[in-house]
Amino acid sequence: MGYRRILLCSLIATLLTGTAFALDGEKYLNDASVQLADARAKALKAFPGKIVSEELEKESGGSGLRYSFVISQNDAKHEVGIDAKTGAVLENSVEGENPD
């Protein structure tokens, strides 16, 4: 049931944001307390624009599981990291020349 809810939220978020790409790190979705749609909304609140990539990854900092979004606004690209267990904004910085 939980996986279906995640997929439904992802579909709704895709329809609302116009973002149509696969989430890298989908295998970690069951470990996330924060739904993908909620993480997207929080990331866009931190840096408004268009999400051009998204990833759910295990990384140091916060709970160790985070959503990473690259958001484009005009000519700027930011990486916004959202903790997948608490919803806290972990990063909001200019995307570098060599994104990870």
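Computed from the C-beta positions of Thr86 and Lys50 and an R0 of 22 Å, the FRET efficiency is 0.30 to the nearest 0.05.
Counting only other residues whose beta carbon sits under 13 Å from that of Leu23, what net charge do I get with K and R as +1, D and E as -1?
Net local charge, Leu23 excluded: -2.
Please compute, over every Cα-Cα pair in region 24-84, the percentage with a separation greater than 18 angstrom. More than 18 Å apart: 29 percent of the Cα pairs in region 24-84. Across region 35-48, coupling constants 3J(HN,Hα) worked out from phi with the 6.51/-1.76/1.60 Karplus curve, θ = phi - 60°, read 5, 4, 4, 5, 5, 4, 4, 5, 5, 5, 6, 6, 8, x Hz, and Gly and Pro carry x.
Expressed as a whole percent, the accessible surface of region 49-96 that belongs to carbon and sulfur atoms is 46, based on a 1.4 Å probe. Sorted on the mean count of surrounding Cβ atoms within 10 Å across their residues, most packed first, peptides 77-88, 57-68 read 77-88, 57-68.
The values are calculated or read from the model by the stated rules, or taken from the named source; none is laboratory data. It should be emphasised that the depicted structure is a prediction, and the values quoted were computed from it without experimental measurement. Ideal geometry is used to build each Cβ from the backbone, glycine not excepted, and the neighbour counts take in all protein chains shown. Keep in mind that these areas ignore ligands, DNA and RNA; they rest on the heavy atoms of the full protein, side chains included. Shrake-Rupley method; radii C 1.70, N 1.55, O 1.52, S 1.80 Å.
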